[in-house]
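Computed from the coordinates by the stated procedures, all read-outs in this text should not be read as laboratory data. Quick caveat, the model's predicted, so the values are computed rather than measured. As a convention, Cβ positions derive from the backbone with ideal geometry for all residues, glycine included, and neighbour counts pool all protein chains shown.
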Amino acid sequence: MALIPFVGGADTLSGSYLAGRQAAVHNDFEASARYYTAALARDPSNLNLMEDVIATQLGMGNVDRALPIAKLLEDQDVRSQSAHMTVIADLLANEAYGEYLERNVETLGVGPLVDGLLGAWAMIGDNRAEDGLAAFDKVGEERGLRGFAMYHKAMALGLLGDFAAAEDLFVEEAGPLQQTRRGAMARAEILSQLDRNEDAIASLEAAFGGSSDPELSGMLSALEAGDTLSFSHIKTARDGAAEVFYSVAGALRQDAGPEFTLIYARVARHLRRDHIDALLLVADLLDELDQYDLANAVYKEVPADDSAFHAAELGRVGVLRKSGDPDAAIEVLEQLAKRFGDLSIVHSTLGDVLRQQDQFEPAVAAYDRALDLTPEGVSGAWFLHYARAISLERLDEWPRAESDFRRALELNPGQPQVLNYLGYSLVEKQIKLDEALEMIEQAVAASPDSGFIVDSLGWVLYRLGRYEEAVQHMEKAVELMPIDPVVNDHLGDVYWSVGRTREAQFQWMRALSFVDPEDTDGEADPDRMRRKLEVGLDQVLEDEGAAPLKVVNDKG
């Protein structure tokens with residue numbers, strides 16, 4: 001992202017600071033860290049700049065670069081959560097548990113939950129297992145923190161080899177973390193250690209239903225073969241500390257901004273380099289912050305032999321699409337399809353990208369493969385039928401398309417997108433108009449604030465010759481989507497049909513002003529709009545050989 005040059009340039013204190021601030025506003029961590037660091041070099045005692053440098057370096061995952069400045073802040077008795085987090089991350093990464101436990105969490109801590117959990121793990125790392133387990137209990141006494149505390153205690157018990165006590169906690173304290181993907185897999189490992197593979201299989205099937213992926217399939221295959229799974233989720237107290245930052249990041253994501261959550265995820269990864277879930281979370285947060293190049297680089301850190309490799313590659317596909325490189329996204333997916341040909345999501349994602357690039361024939365083939373790999377009757381398959389139907393409709397294979405649309409509705413009755421697309425298509429083909437109207441009315445009832453769907457209702461009424469009824473719906477569609485060229489063009493046609501010719505011409509001019517000249521594949525037809533402005537809609541319809549507007553008032 002290009003930065004706007006500042007008066008005085010970025011080689012001055014004010015220029016560096018302002019450039020860093022602007023980069024930070026755009027979540028450009030690399031640039032903001034560079035500029036803030038340059039500003040701090042010119043004003044080394046500026047406490048605010050110190051915090052800015054620490055925050056941006058943590059956002060980049062550079063705990064080691066943030067550490068010297070964090071120590072300076074602590075030496076000056078400055079309370080800074082980011083500084084304290086940096087020093088703590090360094091201590092725990094070096095397994096300096098005794099030194100960490102000597103810190104005063106009241107003045108040098110992160111917060112009650114993090115400090116309490118980290119203290120418990122540090123005690124375990126300092127060979128004080130009994131004290132550590134008691135510390136988890138103490139954290140659990142705080143209101144709203146018991147779920148976190150008991151999850152981490154169960155993990156600690158697994159690390160200590162007390163799998164029976166760990167399983168008891170999973171049964172008795174079925175909190176939200178126990179029900180996460182990591183929690184479910186950790187419990188399966190615990191059950192396997194207790195020689196209860198059948199129970200482990202049942203627990204995984206209950207947690208994941210019919211869904212599967214390479215990691216889950218590998219676990220199930222090993223369990224079914226009678227193998228004993230090792231407890232891999234926490235191997236050291238340092239791993240437990242990493243799990244604290246990861247689980248808190250997951251909770252923060254519900255309420256805090258992604259730039260704040262990112263710091264916790266980065267620290268988790270710093271403490272445990274093989275924490276692939278933390279890596280994927282970091283990449284996902286960078287994607288959310290529109291830092292596509294950084295997200296792509298993080299996704300690429302997942303080793304090709306890791307069970308999460310396909311998930312990372314699918315993440316890369318997402319950021320490549322958003323960054324405007326669909327060809328690269330297609331290439332990644334085609335390689336994935338060769339290696340993970342039995343994963344429906346790979347083929348369905350490939351179909352989506354191809355469809356959005358108007359490559360409808362290969363998109364249909366990709367959806368065919370995805371549906372072949374999807375169990376019959378699975379409700380989630382509705383979107384595959386819907387997406388394939390769109391591709392088939394664009395290929396003028398209407399009977400197959402209609403069949404897919406209707407199958408999507410069988411799997412997901414009342415789905416407004418499907419009702420709208422099928423109804424609109426029937427109207428455009430001038431067939432089954434009564435059914436089409438009923439479908440679109442259902443879609444509007446389900447999604448009354450969708451401009452596209454409300455536009456469809458106005459348009460079907462217009463095509464049915466019910467012009468006066470169409471006006472109010474089309475006007476609402478324009479209110480919902482005021483700068484959409486197609487919707488404004490439709491309103492112009494409706495106004496013309498009821499004799500409001502000047503308002504029609506105004507809407508066509510508005511529609512023209514909203515057409516993106518680079519969008520050559522869009523539905524908007526600027527040449528037709530200009531022709532209507534020149535000669536009116538009646539003449540355009542006659543020139544096109546289309547049916548004329550119905551006469552709704554012939555009394556003069």
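Residue order for GLU397, GLU334, fewest other beta carbons within 10 angstrom first, comes to GLU334, GLU397.
For ALA96, nonlocal amide neighbours, meaning residues 5 or more places apart or on other chains whose placed amide H falls under 5 Å from its own, do not occur. With no solvent and one point on each alpha carbon, what is the Debye value of log10 I(q)/I(0) for the range 408-537 at q = 0.17, 0.18 Å⁻¹? Relative scattering, expressed as log10 I(q)/I(0), comes to -0.86, -0.95.
The angle separating the long axis of helix 501-514 from the principal Cα axis of greatest extent in the chain is about 40 degrees. For the range 116-232, dividing the convex hull volume of the Cα atoms by the residue count gives 96 Å³ per residue. Under 26 Å of direct C-alpha separation, and excluding same-chain neighbours fewer than eight residues apart, LYS138 reaches these lysines: LYS153, LYS235. Based on Cα contacts under 8 Å between residues 6+ apart, the range 467-518 shows a relative contact order of 35 percent.
Full extension of the chain between GLU397 and ASP368 yields a length gain of 9.0 nm, computed as 0.36 nm times the residue separation minus the alpha carbon distance.
Excluding same-chain neighbours fewer than eight residues apart, the lysines reachable from LYS432 by a Cα-Cα span under 22 Å are LYS550.
Length gained on full extension, VAL378 to ILE483, computed as 0.36 nm times the residue gap minus the Cα-Cα distance: 34.0 nm. With contacts taken as Cα pairs under 8 Å at a separation of at least 6 residues, the range 325-404 carries a relative contact order of 23 percent. Computed over the Cα atoms of the chain, the ratio of the radius of gyration to the Kirkwood radius (Rg/Rh) comes to 1.07.
Note that the range 540-546 has calculated 3J(HN,Hα) couplings of 4, 4, 5, 4, 7, x, 8 Hz, one per residue in order, obtained from phi through the Karplus relation 6.51 cos²θ - 1.76 cosθ + 1.60 (θ = phi - 60°); glycine and proline are x. Which listed residue (PRO375, LEU350, SER391) has the Cα farthest towards the positive end of the charge dipole for the range 325-404, taking +1 on Lys and Arg C-beta and -1 on Asp and Glu C-beta about the Cα centre? Farthest towards the positive end: PRO375.
For LYS322, a cut-off of 12 angstrom between C-alpha atoms picks up these aspartates and glutamates, skipping any fewer than 8 places away in its own chain: ASP287, GLU288, ASP290, ASP293. Using a simple spin-label model with pseudo-atoms 7 Å out from Cα toward Cβ, GLN356 and ARG42 lie 4.1 nm apart. Each 10 Å bin from 0 upward holds the following percent of the Cα-Cα pairs of the range 21-159: 12, 35, 28, 18, 6, 0. Ranked by the mean number of other Cβ atoms within 10 Å per residue, highest first, peptides 383-389, 357-363 order as 383-389, 357-363. Rounded, prolate or oblate: which fits the range 145-209, taking a ≥ b ≥ c as square roots of the Cα gyration tensor eigenvalues, rounded meaning a/c under 1.5, else prolate when a/b beats b/c? Judged from the Cα gyration tensor, the range 145-209 comes out oblate (a/c at least 1.5, b/c at or above a/b).
Note down the relative contact order for the chain as a percent, whole number, built from C-alpha pairs under 8 angstrom at least six residues apart. The value is 6 percent.
By its C-alpha gyration tensor, with a ≥ b ≥ c as the square roots of the eigenvalues, how is the range 308-368 shaped: rounded for a/c under 1.5, else prolate for a/b larger than b/c, else oblate? Since a/c reaches 1.5 but b/c is at least a/b, the shape of the range 308-368 is classed as oblate. Between the Cα long axis of helix 163-172 and the first principal axis of the chain there is an angle of about 50°, rounded to the nearest 10. Once the Cβ-Cβ distance of ASN104 and ARG181 is raised to the sixth power relative to R0 = 35 Å, the FRET efficiency obtained is 0.45. For the chain, the longest principal axis of the alpha carbon atoms and the long axis of helix 467-480 meet at an angle near 30°. Within the range 325-404, the proportion of Cα pairs with more than 22 Å between them is 19 percent.
Fully extending the segment from GLU95 to ASP162, taken as 0.36 nm per residue of separation minus the present Cα-Cα distance, adds 21.8 nm.
Modelled label positions at SER217 and ARG143, each set 7 Å beyond Cα in the direction of Cβ, lie 4.8 nm from each other. As a calculated quantity, the FRET efficiency between LYS322 and THR12 at R0 = 35 Å, using C-beta atoms, amounts to about 0.50. Phi angles across the range 248-264 convert, under the Karplus curve 6.51 cos²θ - 1.76 cosθ + 1.60 with θ = phi - 60°, into 3J(HN,Hα) values of 5, 4, x, 6, 5, 4, 6, 10, 8, x, x, 5, 7, 4, 4, 4, 5 Hz, Gly and Pro given as x.
Counting neighbouring beta carbons within 10 Å and listing from fewest to most, the residues HIS84, HIS310 come out as HIS310, HIS84. Taking amide H positions as modeled 1.01 Å from N, with prolines and chain starts lacking one, the residues under 5 Å from VAL110 and 5 or more places away or on another chain are ASP115.
In the distance distribution for the range 475-533, Cα-Cα pairs more than 18 Å apart total 26 percent.
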